[in-house]
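**Q** Encoded as structure tokens, here's the structure I'll be asking about.
Values in this text are rule-based calculations from the coordinates and carry no lab data. In this text the structure is predicted, and so the values were computed from the model without any measurement. We place every Cβ from the backbone using ideal geometry, glycine too, and count neighbours over all the protein chains shown.
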Amino acid sequence: MKELKVLSIVVIFTLVLYWGVEPFAHSQMHKHVEFNGFAYNGKSDIEQLDEKIKKINEEITELKNSGGKDIKTKIADKEKELNELKAKLDDTKKFWAEINKVPKGGDAAAGKAAIAACVACHGIKSQGMKAPMDPNAAAAAYGVNPPDLSNAGALYDEKFLIAFLKSPTHAAHVKKLAMPGGLAGDDKNAANIVAYLKSIAPKEITPKEAFVTACGRCHANRYGKWTQIGDVPKTKSNIKTGQDIDALKFKEKVADYQGKLANYMGKLPPDLSIIIRARSEDFLKTFVEDPQSQLPGTAMPRVGLTKEGYEKVISYLEETGDPSKPKREATGPWVLGFFVIFSLLAYGWYKSQWKGLK
Amino acid sequence: MAHFDENARPFSNKWLDERIGINTLKRVLSTEYWIPKNINFLWAMGMVLAATFGMLLISGIFLLMYYIPDTKQAFDSVNYTIMSQVGYGWLWRHIHGVGASVVFLIIYIHMFTGIYYGSYKRGRELIWLSGMLLFVVFSAEAFSGYMLPWGQMSYWAGMVITNLFSGGSLHANGLVEWIRGDYIPGQAYLGRFFMLHVLLLPLVIIGLIVFHFGTLRLPHVNNKDGEEFDFAAEAEKYKAGNKKESKVIPFNPVFLSKDVFVMGIYFIFFFYLVFYHFEFAMDPVNFDPANGLKTPTHIYPEWYFLWSYEILRPFPTDPGLIAFAFAQVIFFALPFLDRSPNVAPANRRGIFKFWFWALLVDMIILTFMGKVPPVQPWSNIGLVAAVTFIALWILLPIITKLEKKL
């Protein structure tokens, strides 16, 4: 039929248009970052350094070929940078080679005995150990509030945790971090502490707990009523003045904490209420796996979530950022069904009206 | 004084006819508004557009109840209040967002249908011109609406587009500040774009839609062959019962029955997008709150403005602005640049056939290049496409003048 031919031309042009402004454009705008399935073995760290070294080498060759003014000092600067990177690469390779050699499955009982080194700064609420300081005092002392360790074993990768105890900056892939390395002693002892954290980890953890543990000390989630120092408390305003002093006091505490955090991180980490719609699935996955891969130089540490831990965090972000998803899925078929029936009836009417006209 | 029948029951047909001429209205606007029979589903795009505008209006009214035009609250009033606190707020917002995008798809289909079949010529010039006015006001409506969620893309697209009014080397910064009501997009800016979006521009659009329909009534709708015939004579045939031989059908109910069917199919597509594929209409960048201190890596307009944006971008500032201005107004001149006397589908019109497809493909290429980052080879492709666009319009009077009379 002629009309179907016309329709197919319209449809083809529309699809081509869609392809160009969506998949094609986005493939050009965002760099491709390889996803390693939440395995923490230093692969992306080494690749990034290799990439940087390659780029500097190219720049040096280019400089040598260009032969401009003060070229010698420029080359010397670049070569200095190159040597620093090479040293860093060797160091990174060595670190992860050692980590990859640590046998899995430490001794939880021995780890428990060694936990004193941790609880000087961290709380473990599930074991009756409260945090030594409140978030504001902790942020004043360290820049950021050290996390409670109750859920750490349930969310983070075992190898990552061992690496983190050995050297937090290597594991987190950042230049500086409040926690010093080597507190756990040797690699075996670190493995024991990690085994202990795994042994006390709860079997089930809610999406919100996952978010709070992994993200919530740096990122607020205002749609989830979460601040970096805890849930927004329910308070009452004075009925005569309309003022809510308790809420104001809480806000002051949050502002104080945020100020310290911003100093520590360089800027205030963004609120994650609706990040699920602001970033693609692919970006979030690769970013959480290694923040440096998407935002080179970011102060955000790699947190070492396992696949399951990541999925829990994402489901919380969906709850706050895209809460209509279940309703969409429930309502969609009814609306589409209505228009299918509508179209069938309309087709009947159309055929009856045009009968005998042609 | 006219005669009024004392015994006519209030609101009966006779009563209404004596007062507002209901029978004449019905005849002129509906049962004896004659439409050619020789048409395809593309002739239903006008009604599809009207229906989409209706969806935008209704969803907009619901959104307006909860939207707060305040730079500090706008983002959360949309993304939190409407999306999670208001019953079915998400549905209205997604209808509004998808509708704003799809309405341009249909406008472009409607426009290119008109160009293909020559429906802007010989008595139909005002249909084309009023339609182009609608296109311009719809563009302003879309742009002002895009400011309202006050996300990163609202803010920065607003910054870039209002900057265009500085006129390049003219440095008319005073004009830009006058438009913004501030040095940068801020509260004054949001407030006035809110007013434009929810009141002034919709009023103008409704007025123009009425005018657009009005321009259609006397010249009548074109048909698939561009055939000119005597509507009155054909109508007589139809009324006499020679429905098969008559070349026309009444708008209501015959033409309408097909319109309604096409609309049904269209709404399946529309609501499929609303429920399952709305992301294309809601840019991720706009889910980051506006931040005047942080420029997004990529700033680009919505897809329907990309082709004209790409006519601006590949050139240096001043020529770019001139090319951009050219692209904005040149479609208005179409009925006067097309010098051929033929009203016929493009495929029967010699070189014009190639001109039509070249324009369409060129605009699609411009659209693609308008979104990707300005790096090679895309910048060069964009430049060539932009020059081609201008060349095509300069060539139009020449090639249509050479066209043989059919």
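**Q** Computed FRET efficiency, Cβ-Cβ of A:K236 and A:E204, R0 41 Å: what is it to the nearest 0.05? Don't jump to the answer; show the numbers that get you there.
**A** On the way: r = 34 Å, r/R0 = 0.82.
Efficiency, rounded to the nearest 0.05: 0.75.
**Q** Roughly how many debye, to the nearest 20, is the charge dipole of region A:104-345 about its Cα centre, given +1 on each Lys and Arg Cβ, -1 on each Asp and Glu Cβ, and no other charges?
**A** Using Cβ point charges on Lys, Arg, Asp and Glu, region A:104-345 gives about 440 debye.
**Q** Under the 0.36 nm per residue contour assumption, what length would be gained going from the current alpha-carbon distance of A:Q243 and A:A39 to full extension?
**A** Working: separation 204, 0.36 × 204 = 73.44 nm, distance 5.08 nm.
My answer for the length gained is 68.4 nm.
**Q** What's the lysine pair count for region B:46-299 at a Cα cut-off below 17 Å, pairs eight or more apart or interchain? Provide the component values of the computation, followed by the final result.
**A** On the way: B:K72/B:K294; B:K121/B:K224; B:K224/B:K247; B:K224/B:K258; B:K237/B:K247; B:K239/B:K247; B:K243/B:K258; B:K247/B:K258.
Taking region B:46-299 as the scope, the lysine pair count is 8.
**Q** Continuing with the same structure: Using modelled amide H (1.01 Å from N, peptide plane; none on Pro or chain starts), what sits under 5 Å from the amide H of A:Y156, excluding residues fewer than 5 places away?
**A** A:T306
**Q** Among A:D322, A:D148, A:D246, which one shows the biggest mean-square fluctuation in a GNM of chain A, springs joining Cα atoms closer than 10 Å?
**A** Checking each option, the largest mean-square fluctuation is seen for A:D246.
**Q** Filter the chymotrypsin sites (Phe, Trp or Tyr not before Pro) in region A:294-358 to those in DSSP coil with at most 15 other Cβ atoms within 10 Å of their Cβ, and list the result. Write out the running numbers ahead of the final one.
**A** Numbers: sites: A:Y310, A:Y316, A:W334, A:F338, A:F339, A:F342, A:Y347, A:W349, A:Y350, A:W354; in loops: none.
Taking region A:294-358 and a limit of 15 other Cβ atoms within 10 Å, no loop chymotrypsin sites (Phe, Trp or Tyr not before Pro) are found.
**Q** Here's another thing I want to ask about it. Under 8 Å for C-alpha pairs, at least 6 residues apart: give me the relative contact order for region A:104-345, rounded to a whole percent.
**A** Details: 338 pairs, mean separation 54.3, N = 242.
Relative contact order comes out at 22 percent.
**Q** Calculated FRET efficiency, A:K55 and B:E236, Cβ-Cβ r, R0 56 Å, to nearest 0.05?
**A** Taking R0 as 56 Å, the efficiency between A:K55 and B:E236 is 0.10.
**Q** Quick check for you: which residues of region B:371-385 have the amide N under 19 Å from the point 7 Å beyond the Cα of B:I299 toward its beta carbon?
**A** B:371-375
**Q** Return the lysines within reach of A:K80: Cα separation strictly under 27 angstrom, same-chain partners fewer than 8 residues apart disregarded; answer none if there are no such residues.
**A** A:K43, A:K52, A:K54, A:K55, A:K64, A:K69, A:K72, A:K88, A:K93, A:K94, A:K175, A:K176
**Q** Non-local amide H neighbours of B:V248 (under 5 Å, H modeled in plane, Pro and chain starts lacking H): which ones?
**A** Close amide H contacts, sequence-distant or interchain: B:K37.
**Q** Sum -39500 (n - 2.57) across every DSSP H segment of at least 4 residues in chain A, then divide by the residue count to get the 222 nm mean residue ellipticity, nearest 500.
**A** Details: 18 runs with 219 residues, N = 358.
Calculated at 222 nm, the ellipticity per residue is -19000 deg cm²/dmol.
**Q** Do the sum for chain B: with -39,500 (n - 2.57) for every DSSP H run of n ≥ 4, divided by all residues, what is the mean residue ellipticity at 222 nm, to the nearest 500 deg cm²/dmol? Mind showing how you got there, number by number?
**A** On the way: 16 runs with 232 residues, N = 406.
Helix contribution divided over all residues of chain B: -18500 deg cm²/dmol.
**Q** State log₁₀ I(q)/I(0) for region B:303-406 at q = 0.10, 0.14, 0.17, 0.19 Å⁻¹ as given by the Debye formula over alpha-carbon point scatterers of equal weight, solvent excluded.
**A** -0.30, -0.56, -0.77, -0.90
**Q** With just the Cα atoms of region A:31-174, tell me how far they stretch along each of the three principal axes, in Å, largest first.
**A** Reported extents, whole Å, longest axis first: 68, 37, 28.
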